[in-house]
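We did not get these values from a lab; they are worked out from the coordinates using the rules stated. Bear in mind that the values here come from a model prediction, so they are computed numbers and not experimental data. All Cβ positions, glycine included, derive from the backbone under ideal geometry; neighbour counts span all protein chains shown.
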Amino acid sequence: MNSDTPHPSAPSSPTATAGDHPDPSHPVDNDAGGSPRLTVTVAIPTLNEEENIAEVILGVLPHADEVLVVDGHSEDRTREIAEEAGARVVLDPALGKGAALRHALLEANSDIVVFIDADCSHEPTDIPRLVEPIRMGEADLVVGCRMTGGSDELHGDLFKFTRLIGSEIITMTINYRWGVRLTDVQNGFRAIRRDVGLALRLQENRFAIEEEMVMKALRQRYRVVNVSSHEYKRKHGVSRIVLQRDWFSFVWCVVKHVLGLTG
Ligand SMILES: Nc1nc2c(ncn2[C@@H]2O[C@H](COP(=O)(O)OP(=O)(O)OP(=O)(O)O)[C@@H](O)[C@H]2O)c(=O)[nH]1
Ligand SMILES: [Mg+2]
């Protein structure tokens, strides 16, 4: 159990940070004034999360039309527990979290896909606040913001400090490149219109998928906003990110998109 902040947190600030202006070239297929009829798939990437997954599924169920667990060939009881808890479980290509998110976009049966990690680090009761700007026709991609919502993962030791600074530099670089003022581009807790997610033609297989999603959305003039959401410490198990191995893919992903080296 996280010692810094209780999991059943109070709702965080409802302020959203506009990342771009509405773009008439991407009209939302929605009723005027927003429509509650847009359905939601909550997609949960998992890799050996047997100790966490049931709690996450029970937390997201009230906010989902479909709960989809995208499993990277776990060797523990993750898939069995997820099915017992009420999720639909599919196997991904076993290439990493990025491949799992791309697979989720293909598999989801709803208008909106919410991504949430399986380690109890995100707040399921924030899902309606992530989905709302899309339902209201005001955004296409909504990213939970740890910088304004607070994080128990990004402070306290050199590893966390390095992740915090790296994340801030990446966000700032993206902001200057696309003329926006986002506050968090790497958080895995986010909501996206499924058709937009598919149109982005995402390619990253590992953890750079989150920044790739934001940059491709901005490049294609979709509307990206941040909404405050608190990040807790992973409840059980260990992070799959190995900074010594993954830092290069984070940096290279930004460099190639900012410089327009990709198709
Ligand atoms: N399907 C699939 N899921 C993965 C893979 N790697 C990580 N995940 C899941 O992706 C989510 C995020 O992974 P974490 O290891 O917690 O990464 P992180 O949240 O950036 O790191 P921490 O902040 O330290 O927790 C978790 O739900 C993992 O189970 C993978 O290769 N395949
Ligand atoms: Mg995590």
If you stretched the chain out fully between E80 and E107, how much longer would it get, using 0.36 nm times the residue separation minus the C-alpha to C-alpha distance?
7.8 nm
Quick check: residue separation of I165 and L61 times 0.36 nm, minus the Cα distance between them. What number comes out in nm?
34.0 nm
Counting only DSSP beta bridges with both partners in the range 26-258, the antiparallel fraction in percent, to the nearest 5, comes to 25
Scan the chain and note any complete DSSP helix (H) whose C-alpha atoms cover at least 18 Å along its axis and whose Kyte-Doolittle average is -1.0 or more.
158-178, 243-258
Classify the chain as rounded, prolate or oblate, taking a ≥ b ≥ c as the square roots of the eigenvalues of its Cα gyration tensor: rounded when a/c is under 1.5, otherwise prolate if a/b is larger than b/c and oblate if not.
rounded
Using the Karplus curve 6.51 cos²θ - 1.76 cosθ + 1.60 with θ = phi - 60°, what ³J(HN,Hα) values do you get for each residue of the range 139-145, in whole Hz, with x for Gly and Pro?
8, 10, 9, 10, 10, x, 10
Computed for the chain: size of charge dipole around the Cα centre, +1 on C-beta of each Lys and Arg, -1 on C-beta of each Asp and Glu, debye to nearest 20, value 960
Classify the range 89-215 as rounded, prolate or oblate from the Cα gyration tensor: take a ≥ b ≥ c as the square roots of its eigenvalues, call it rounded if a/c is under 1.5, otherwise prolate when a/b beats b/c and oblate if not.
rounded
Sorting check: for 137-146, 205-214, 242-251, 87-96, which peptide has the highest mean count of neighbouring beta carbons within 10 Å, and how do the rest follow?
137-146, 205-214, 87-96, 242-251
Computed helical MRE - 222 nm, the chain, DSSP H runs ≥ 4 contributing -39500 (n - 2.57), nearest 500
-10500 deg cm²/dmol
Among V56, S228, H257 the positive-end extreme of the charge dipole of the chain (Cβ point charges)
H257
